[in-house]
1. Go over the candidates SER363, SER355, SER372, SER379 one by one and state the one that is away from ligand 3 (no atom under 15 Å from the Cβ), among the hydroxyl-bearing types (Ser, Thr, Tyr) and surrounded by 16 or more Cβ atoms within 10 Å (Cβ to Cβ).
2. Specify the residue that is nearest to ALA105 (Cα to Cα); the eligible residues are those in the stretch 54-94 that are in contact with a helix residue (DSSP H, G or I) (Cβ under 9 Å, 6 or more places away or on another chain) and among the acidic types (Asp, Glu).
3. Give the residues of the stretch 409-431 that are among the β-branched types (Val, Ile, Thr) and free of Cβ contacts under 8 Å to residues at least 12 places away in the same chain, sorted by residue number.
4. Is it true that LEU62 is part of a helix (DSSP H, G or I) and either more than 22 Å from GLN127 (Cα to Cα) or in contact with a Phe, Trp or Tyr (Cβ under 9 Å, 6 or more places away or on another chain) (or both)?
5. Do any helices (runs of 4 or more DSSP H) entirely within the stretch 216-321 hold 3 or more residues that are assigned by TED's automatic domain parsing to the domain that holds VAL197 and within 16 Å of ligand 1 (Cβ to nearest atom), and if so, which?
6. Of everything in the stretch 400-420 that's away from ligand 1 (no atom under 16 Å from the Cβ) and surrounded by fewer than 16 Cβ atoms within 10 Å (Cβ to Cβ), which residue is farthest from LEU189 (Cα to Cα)?
7. Which one of LEU342, LEU350 is within 16 Å of ligand 3 (Cβ to nearest atom), under 18 Å from THR383 (Cα atoms), at pLDDT below 90 and of a type in the set (A, V, I, L, M)?
8. Look at ALA165 and say whether it is within 23 Å of LEU424 (Cα to Cα) and either touching a Leu at 6+ places or on another chain (Cβ under 9 Å) or loosely packed, with under 15 Cβ neighbours inside 10 Å (or both).
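The values are calculated or read from the model by the stated rules, or taken from the named source; none is laboratory data. In this text the structure is predicted, and so the values were computed from the model without any measurement. Using ideal geometry, Cβ is built from the backbone for each residue, glycine included, and neighbour counts are taken over all protein chains shown.
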Amino acid sequence: MHSVTHVGGASRRRLLILDDDALVGSTLQRMVVRHGLEACSVTTVGEFLRLLEEWHPDILCLDLMMPGMDGIEVIRLLGDSHLRAQVIITSGVESRILHAAERSALAHGINLLGVLAKPYAVGELRQLLARAVDSADGADRATGAACPAARSESPDAAAAGTESAPLTADDLRCALERGEIGLAFQPKLDCRSGGLVGFEALARWQHPDRGSIGPDVFVALAESCGLIDLLTCEITDQALLWLSGLARRWDGSEQMRQQLAQARLSLNVSALSLGNAALFLRIAEHCRALGVAPQRVVLEVTESSAMQDATTALDNLTRLRLQGFHLSIDDFGTGYSSMVQLVKLPFSELKIDKSFVMTAAASEESRAIIRSVVDLGRSLGMTTTAEGVEDAFALQYLKELGCDHMQGYLLSRPLAPDAVIPWLRTREAQH
Ligand code: C2E
Ligand code: CA
Ligand code: CA
């Protein structure tokens, strides 16, 4: 059984609620409708998955603890479906479990809006919804699929079916050929001084029909269809070219110009590419041609089982370090073999996974992990970078621990290439 409250207007954001307690669901539904959203509540996973497919909600509100159902399994299914809706997790379980679920959602690549421990105040929910509306990209939903109530009157949902068709290797190949894959740059700052350290290049696919598609969707696709090295080449070419002209484009202070001439560039490299010596040779040659010192380039690798061919990876990574490139172990703390990789491979930076940093204020466990990673980095003589700095608490905590570098929405969201100079100008004016 599901109930829908439709307040009209195709542009209204849609919230789908899954809670085994129909009363909780309908109360929540009424509350969000008052905030101008369209809402629908269901009590079973089956109905939930059906509406997800047919109704295209923008926000999902999931109860983790439902008798006879597994909230974590639902999270896994959502992750596998490469869903772009934002997710709110609610539950009456103790906070340690709720935080574990939060990490699991992040690990599955879910666009998590937040967690709410039951019972929660209306204000907390309102804050989350306001955040969802803030970050809403109106162009995300190209066609407004009808809500289930309206659907029965107007069964023409062909457009919605096409819209959710999975992306294929051919789509990605065309996108690479047509130059639809571009970049966003997220500033990386020094924890102590707040000064600029560099930028991380993050891939973005500007699809002509579907709008902006995140790398969590298409990097996995590239990996599974053998296009990852091509994607990495495209990204590194664009990013190195951008970096090499950065100081030249700066029209402000000489001090900043010098900082920009030394700014570092972090590039994400799939673990699957670690065996590809030709790819690294190409990156090194491109650096030489553009006059970018390898010491300014950080290659970030996420540890994974893909690193099994440890010997070739070790050869290539060691070669890169010898040439002066920095190597960073990304998402540190989430994998199974962090310590093993660390000892075996010549990494120079540890990047603390954002799932810990984002939850530092709320979770003692996350703080303990951040603390030990910073200690580990220090004792191994490695740079530590924290990603996912979203609040003042995390910033202060990292400073106190002596973490080296940081990135996060609090400091700056990933920026379009042309937005970087204006961002720097605003920042310089403020300081
Ligand atoms: P990552 O390397 O861990 O990148 C950090 C991700 O966290 C980025 O997501 C970034 O936009 C996001 N982020 C940054 N600050 C915050 C924050 O304060 N809060 C939150 N919640 N998120 C924050 P994005 O751009 O969607 O990238 C997702 C992942 O896709 C990356 O994770 C990386 O693993 C992969 N990726 C991105 N670009 C490339 C690429 O060019 N090549 C490869 N192989 N992978 C890429
Ligand atoms: Ca990264
Ligand atoms: Ca990361």
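1. Being away from ligand 3 (no atom under 15 Å from the Cβ), among the hydroxyl-bearing types (Ser, Thr, Tyr) and surrounded by 16 or more Cβ atoms within 10 Å (Cβ to Cβ) holds for just one of SER363, SER355, SER372, SER379, which is SER363.
2. Result: GLU73.
3. THR426 - this is the single residue of the stretch 409-431 that is among the β-branched types (Val, Ile, Thr) and free of Cβ contacts under 8 Å to residues at least 12 places away in the same chain.
4. So LEU62 fails the test.
5. 228-244, 277-290
6. ASP418
7. It is LEU342.
8. The answer is no for ALA165.
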